[in-house]
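Heads up, the thing below is written out as structure tokens.
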Amino acid sequence: MADTSPPRSERRLALFDASGFIFRAYHAIPPLTTSKGVPTNAVLGFTRMVLKALQELKPTHVALAFDKSGRVERQKIDPTYKANRKAPPEDLTPQFPLIRKVGDVLNLASLDAEGWEADDVIGTLAMQAKAEGFQVLVVTSDKDFMQIVDEDITLFDPAKNKRMGIADVQEKMGILPKQVRDFLALVGDAVDNVAKVPGVGDKTAVELLHQFGDVETLLARVEEVKKPKIRAALESHRESLVRAKQLVTFNTGLPLGVKLDDLIRRAPDATRARDLFTELEFFALLRDLPAEEPAARPDVAPLSVTTTLVTTEAELKAMADAAKAAGTLTLVPAFEGMPFAAPLVGLGVALPDGTTRYVPLRHQQLGATQVPVAAFTAAMKDVLADAAVKKGGHDLKALTLVLANEGLTLEGAHDDVELLSYLLNPSRREHALEDLARERLRSELPALPASVGGKKGRALADHGPDEVAAAYAVRADAARRLAPELWKELELGGLAELARTLELPLLPVLARMEREGVKLDVTELGRTSERVDVEVKAKEAECHQAAGHVFNLGSNPQLAQVLYEEQKLPILKRGKTGPSTDQEVLEKLAEEHDSVLARALIEYRGLSKLKSTYLDTLPTLVAKDGRIHTTYHQAATATGRLSSSDPNLQNIPIRSELGREIRRAFVAEAGHQLVSADYSQVELRLLAHIAEDPVLIEAFRNDEDIHSRTAAEIFGVDPKDVDREQRRVAKTVNFGIAYGLSAHGLSTRLGISQENARDVIERYFTRYAGIRQYLEDTVEKARKVGYVETLYGRRRLMGDLLSKNRGVAQAAERAAINMPIQGTAADLMKKAMLSVDAALREQKLKTRVLLQVHDELLFEAPDAEVDAVKALAVKSMASVAELKVPLKVDVGAGKSWADAH
DNA sequence: GTCACGACGTAC
DNA sequence: GACGTACGTCGTGACA
């Protein structure tokens, strides 16, 4: 036995009734083709079933069994066997070879035997495996297989996710597994053209088998059959009954010539599987492919391990020339800390000829040979600024910023593998180079120094060049190798244009915004903080007073104890870990149960939240230039939006008075103003456009108060007669509709009954019929193709839509509804940013873009440019797309962010 | 001390 | 569970 075999006792062979599933999948899944028209419904159903069953059963050995001219041998017994079967439908035939191909890339053995059916192949293998001590799992939905069930052979129906052993067969059929063939012979099979004994149905067959055991005994003692009609039928159908039993009995002695060790389960060939699934457009399945495969493919060269240190100006120049000649250059900077402030310690380089370099620049180690930074910048300036030399790497925005610190401009950002991977699957949490290399190059990257990313260890610059050269150079090489593969997939998914014309051009714009930063009036913020500190302490004391003792207001378990055990207030909502104490609950407790504690807590929470998150934190993040430099993440959200962190400047308060006060601390330099331009109702406008809803389109074309108009539609009144309550309801519906709003959600939000909420939603959909249609179509299409997309082709893979867990599937539906809207808004804003940035540069204005908050851009403009910038921003943003509705942009200016609104 | 997680709350 | 997308703070409990 081969060493690779698991211990005997743990060996499990899964045998798939592949041929059976092909037909089942074909009929279970509605017609489906790739964008090129290749039918794939059976392939998809089959593939899903196999992957699911493998996950469920975790077999050690696997085989797929197929029919091969399957009726030939049985027709020797009875020429009419399956004679009335029609040829497979014409859109199924081309799927047979594709299914074999799926088995191939999943590294699963496919077995068949000329003239025999999959049943016989499985029967043979099952017996063989049983004899060798295997547990056998037959994956099938066909009841005929019950005949081979025994202590070691179990059936598994992936459709029902159910296993079937001896006891299950007995319970279901009322007979032993080995009697199943007798049963089938007695009752016949119209579909397969197996003759039955007339007058013998399921019940009679079972009775007969109880009495006689099997067909042979029954025929030998037929005179003992009590009912004359049945007896006569049996006597006159002797031959056909014997034949029927032969037909339904599996042949378990085929000469397959396969050793069970050949069936050891192997990991899928991830690369080929990815290619095939991409070709078949099984995007939802792509995500579930395993990240690694055991064997390295021989056609992929190992990642470069020999790295040349570049320590002379001549070598630098040679490197720059080589890059210029080839037109590409892949770079990974060695730095630590924030990219907008970090000095460049070194630079990993990969050249298109497959060689790698490391340029040490600021290693502190004694005796480290390195070129002076000035010589480096002089030698590299041109090639870095040459857009014709395409730059590659991982997170080129960080590279751009770090180089900018050295006075270097990076142009031609093109192969950012983080960004490219993000566009392929924006739902993915991370696009770490380590992971991409593992998945797509089957290589482990050497570890970076512990100080980078983590906090411990020596500073990066205290490492010698030799210690880190390989790590950075190999990273550059990995990025260089990944880029072509990622571009190929982008082309296949129709995403390459989005990458080339939107995301990659945006990258330097974001870099400039981060580098610019926004000025914070720390003194002003400090004053506010001191004042709030007093208020927070007062509220805290009030809470302790109300509780009768001191406790940690920040601890929800402690708070829950006080509220629900000591004060015996009713538990209105529960979370996973215990009773909830969130704002909604507190408000109810304050209102309906007149809880002094709840009332004080609400105020405490509001104050302490703003204090800890903003007032106390923002000042610590002010850089030496007196400004705050956020980091924008271009590869973070599932919809295509940007996100912001360190600090997050996209959730600075605005709704409360204290919130606005915090915004007052974001100010313009002397002689400048902040200009804010934001899209009005952009998502609702996009919904109108995408859904092509005539009523909503008309409302926006007339620049109506959209919430009043909606209220008028819902409540059947004239827009001018809409009252405040009606408008409030309509506003909530308008906001919620693109999020997959439910009656329950609307009722809790508005404090109305669920019936009432249902009625409101129903009226809404009646008046805005296009919206309902759009929502339904979006989910339906997403289920079929596995993704949703924006107006500009940005895609989000949506695997969970087919989840068996209804909650998960419904959440995925809501996300699917929302993404095209939110994502298209994000696309538009990104286009607007490109347009605005280009216009500002072209007109050589001193105004800078500082912040983006999803539907708002914040500029810092010299006083003299304010009016021009207002006009420029409105024009650029509003004309970024020609839609069925106008895009409206509101704009304002002032000394602070609050004043600009 | 660090980490992961959940609860909560801020924004659009 | 019940309305989508993010990120940050705090408390908690596991682990070192």
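When peptides A:105-115, A:256-266, A:832-842 are sorted by average Cβ neighbour count within 10 Å, with the highest value leading, the order is A:105-115, A:832-842, A:256-266. For the range A:830-846, putting each phi into the Karplus relation 6.51 cos²θ - 1.76 cosθ + 1.60 with θ = phi - 60° gives couplings of 5, 4, 4, 5, 4, 5, 5, 4, 5, 5, 4, 6, 4, 7, 6, 7, 8 Hz, in residue order, rounded to whole numbers and with x for Gly and Pro.
Simple rule: put +1 on each Lys or Arg Cβ and -1 on each Asp or Glu Cβ in chain A, find the dipole, and look at A:TYR358, A:TYR81, A:LEU525; the Cα lying farthest toward the positive end is A:TYR81. Of A:GLU516, A:GLU584, the order by accessible heavy-atom surface (1.4 Å probe, DNA, RNA and ligands excluded), from most exposed downward, is A:GLU584, A:GLU516. Between the range A:59-91 and the range A:466-489, the C-alpha centres lie 50 angstrom from each other.
Think of each Lys and Arg Cβ as +1 and each Asp and Glu Cβ as -1; about the Cα centre, that makes the dipole of the range A:586-660 roughly 300 debye. For chain A, carbon and sulfur atoms together expose 51% of the accessible surface, with a 1.4 angstrom probe and every protein chain in place. For chain A, the longest principal axis of the C-alpha atoms and the axis of helix A:724-737 are separated by about 60°. Between A:GLU467 and A:GLU444, the FRET efficiency estimated from the beta carbon spacing at R0 = 25 angstrom works out to 0.90. Using the alpha carbons alone, the radius of gyration of the range A:683-824 stands to its Kirkwood radius in an Rg to Rh ratio of 0.99. From most to least packed by mean Cβ count within 10 Å, the peptides A:308-320, A:274-286 give A:274-286, A:308-320.
Look at the dipole of chain A built from charges on Cβ: of A:SER835, A:ASN805, A:THR140, the Cα furthest out on the positive end belongs to A:THR140.
Sorting the segments A:858-865, A:542-549 by their residues' average number of neighbouring beta-carbon atoms within 10 angstrom, most packed first, yields A:858-865, A:542-549. All other residues whose Cβ lies under 11 angstrom from that of A:ILE148 are scored, Lys and Arg at +1 and Asp and Glu at -1, for a net of -2.
Subtracting the Cα-Cα distance of A:ASP867 and A:LEU219 from their residue separation scaled by 0.36 nm leaves 223.0 nm. Sequence-distant contacts, meaning Cα pairs under 8 Å at least 6 residues apart, place the relative contact order of the range A:519-628 at 37 percent. Using alpha carbon centroids, what distance separates the range A:120-135 and the range A:787-837, in Å? First find each Cα centre; the distance between them is then 48 Å. Placing pseudo-labels 7 Å out from each Cα toward the beta carbon at A:ARG428 and A:LYS573 gives an inter-label distance of 3.5 nm. In this rough spin-label picture, where each label sits 7 Å from Cα along the Cβ direction, the A:ILE166-A:ASN405 distance is 7.3 nm. Along the Cα-to-Cβ line of A:LYS143, 7 Å from the Cα, sits a label point; which residues in the range A:109-128 have backbone N less than 19 Å from it? Counting backbone N atoms under 19 Å from the label point, the list is A:119.
Using the Cβ-Cβ distance between A:VAL596 and A:ALA811 with R0 = 45 Å, the FRET efficiency computed as 1/(1 + (r/R0)^6) comes to roughly 0.75. The tail of the calculated P(r) for the range A:307-516 beyond 26 Å holds 29 percent of all Cα-Cα pairs. The angle between the Cα long axis of helix A:465-492 and the longest principal axis of the Cα atoms of chain A comes to about 60 degrees, rounded to the nearest 10. Computed from backbone phi with θ = phi - 60° and the Karplus coefficients 6.51, -1.76 and 1.60, the 3J(HN,Hα) list for the range A:745-753 is x, 5, 5, 5, 5, 9, x, 10, 5 Hz; x is used for glycine and proline.
Cα convex hull, chain A: 239 Å³ per residue, rounded to a whole number. Remark: relative contact order (the range A:307-516) = 27 percent; criterion is Cα-Cα distance under 8 angstrom and separation of 6 or more residues. Using C-alpha pairs under 8 Å with a sequence gap of at least 6, the mean separation divided by the residue count of chain A gives a relative contact order of 9 percent. Surface analysis of chain A yields an accessible area of 45 Å² per residue, using protein heavy atoms and a 1.4 Å probe.
If R0 is 41 Å, the Cβ-Cβ spacing of A:ARG758 and A:GLU235 corresponds to a FRET efficiency of close to 0.05. Between the residues A:THR307, A:ALA404, A:MET380, the greatest Cα displacement towards the positive end of the dipole of chain A, with unit charges on the Cβ of Lys, Arg, Asp and Glu, is found for A:THR307.
Each label point was placed 7 Å from the Cα along the Cα-to-Cβ direction; for A:ASP705 and A:LYS101 their separation is 6.0 nm.
When the chain is fully extended, how far beyond the present Cα-Cα distance does A:VAL373 get from A:GLN558, taking 0.36 nm per residue of separation?
60.9 nm
Dipole size of chain A about its Cα centre, with +1 on Lys/Arg Cβ and -1 on Asp/Glu Cβ: approximately 900 debye, rounded to the nearest 20. Each eigenvalue of the Cα gyration tensor of the range A:747-901, multiplied by 5 and square-rooted, gives one semi-axis; in descending order these are 38, 20, 14 Å.
The values are calculated or read from the model by the stated rules, or taken from the named source; none is laboratory data. Computed from a predicted structure; not experimentally measured. Positions of Cβ are backbone-derived with ideal geometry, glycine not excepted, and every protein chain shown enters the neighbour counts. What goes into the accessible areas is simple: the full protein's heavy atoms, side chains included, and nothing from ligands, DNA or RNA. Shrake-Rupley method; radii C 1.70, N 1.55, O 1.52, S 1.80 Å.
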